[in-house]
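The values are calculated or read from the model by the stated rules, or taken from the named source; none is laboratory data. Bear in mind the structure is a predicted one, so any value in this text is a computation, not a measurement. Virtual Cβ from ideal backbone geometry, glycine too; neighbours counted across all protein chains shown. Note: areas computed on protein heavy atoms with side chains; ligands, DNA, RNA excluded. Shrake-Rupley method; radii C 1.70, N 1.55, O 1.52, S 1.80 Å.
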Amino acid sequence: SQTIHQWPATLVQPVGSPLSLECTVEGTSNPNLYWYRQAAGRGLQLLFYSVGIGQISSEVPQNLSASRPQDRQFILSSKKLLLSDSGFYLCAWVDRAATEAFFGQGTRLTVV
Amino acid sequence: DQQVKQNSPSLSVQEGRISILNCDYTNSMFDYFLWYKKYPAEGPTFLISISSIKDKNEDGRFTVFLNKSAKHLSLHIVPSQPGDSAVYFCAAILPYTGNQFYFGTGTSLTVIP
């Protein structure tokens, strides 16, 4: 069966520090991968999505970036975190034959 | 630009009664709609979906209604249970764009015992 792993679960980082969140998918190939952010009291905001290795589409201009070095690996990064980057980050995948998104457990990022 | 909107940030319902969660969208190109349930500090989990060619889909206590002319969908939970207390997100899919999901802002449902 397909599973999605996301880590770390919790992260506290100082302002100006770098960020790297990793997401991997098992049990499927060539998935569409997504990074979402849920800020406090707000909905799910699509940050990036990828339809294949090296293919990244950005939905929201910001100081975050994403990369897809392997078919089932999706990484969210930042060179310098801002306080406003605090939130709950979710990785998701969608099988190309399906119409359902599966989410990782999320990473709670607190920038201090 | 929020293409999927949930105008009620919170809803409280007595146990056993019906919970109705609403969702509006602006893009008529959306062809598939889903509802997700989310507990704190967890990823959302799929609840129920509906294709744009249908106007109703039922799964146990959960029913989703779609009104394409009004660009409106709703989730009915009958009867509501305390374990249904969670944040509910509606989502819409835009075809031919890598299956992009557009999520609403969420409605926090509290079922009072």
* Residue in the stretch A:22-34 that is most open to solvent (accessible area, probe 1.4 Å), counting only those that are assigned to a strand (DSSP E or B) and away from chain B (no Cβ under 12 Å) -> A:E26
* Would you kindly identify the strands (runs of 3 or more DSSP E) lying entirely within the stretch A:46-90 that contain at least 2 residues that are open to solvent by 10 Å² or more (accessible area, probe 1.4 Å), modelled with pLDDT under 90 and more than 16 Å from A:E22 (Cβ to Cβ)? => A:55-58
* Asked: Is it the case that some residue within the stretch B:10-21 is open to solvent by less than 30 Å² (accessible area, probe 1.4 Å), under 26 Å from A:F88 (Cα atoms) and outside any loop (DSSP other than H, G, I, E, B)?
  -> yes
* Might you check whether a residue that is exposed (fewer than 14 other Cβ atoms within 10 Å of the Cβ), within 11 Å of chain A (Cβ to nearest Cβ) and within 30 Å of A:L109 (Cα to Cα) occurs anywhere in the stretch B:45-55? => yes
* To do: Being open to solvent by 30 Å² or more (accessible area, probe 1.4 Å) and touching a helix residue (DSSP H, G or I) at 6+ places or on another chain (Cβ under 7 Å) is the filter here, so list the residues in the stretch B:56-77 that pass it.
  => none
* Structure fact -> Note on the stretch B:78-100: residues without any contact (Cβ under 8 Å) to a residue 60 or more places away in the chain and not polar (S, T, N, Q) are B:G83, B:A86, B:V87, B:Y96, B:G98
* Asked: Among the residues of the stretch A:39-70, which ones are in contact with a Leu (Cβ under 8 Å, 6 or more places away or on another chain), within 19 Å of A:L83 (Cβ to Cβ) and facing chain B (nearest Cβ under 8 Å)?
  -> none
* To do: Of the numbered conditions (1) within 14 Å of chain A (Cβ to nearest Cβ); (2) in contact (Cβ under 8 Å) with a residue 60 or more places away in the chain; (3) assigned to a strand (DSSP E or B); (4) hydrophobic (A, V, I, L, M, F, W, C), B:L109 fails exactly one; give the number of that condition.
  => (1)
* Asked: Is it fair to say B:S80 is open to solvent by 10 Å² or more (accessible area, probe 1.4 Å) and either closer than 21 Å to B:I112 by Cβ or among the hydroxyl-bearing types (S, T, Y) (or both)?
  -> no
* To do: May I ask you to verify whether A:T10 is more than 10 Å from every other protein chain (Cβ to nearest Cβ), in contact with a strand residue (DSSP E or B) (Cβ under 7 Å, 6 or more places away or on another chain) and hydroxyl-bearing (S, T, Y)?
  => no
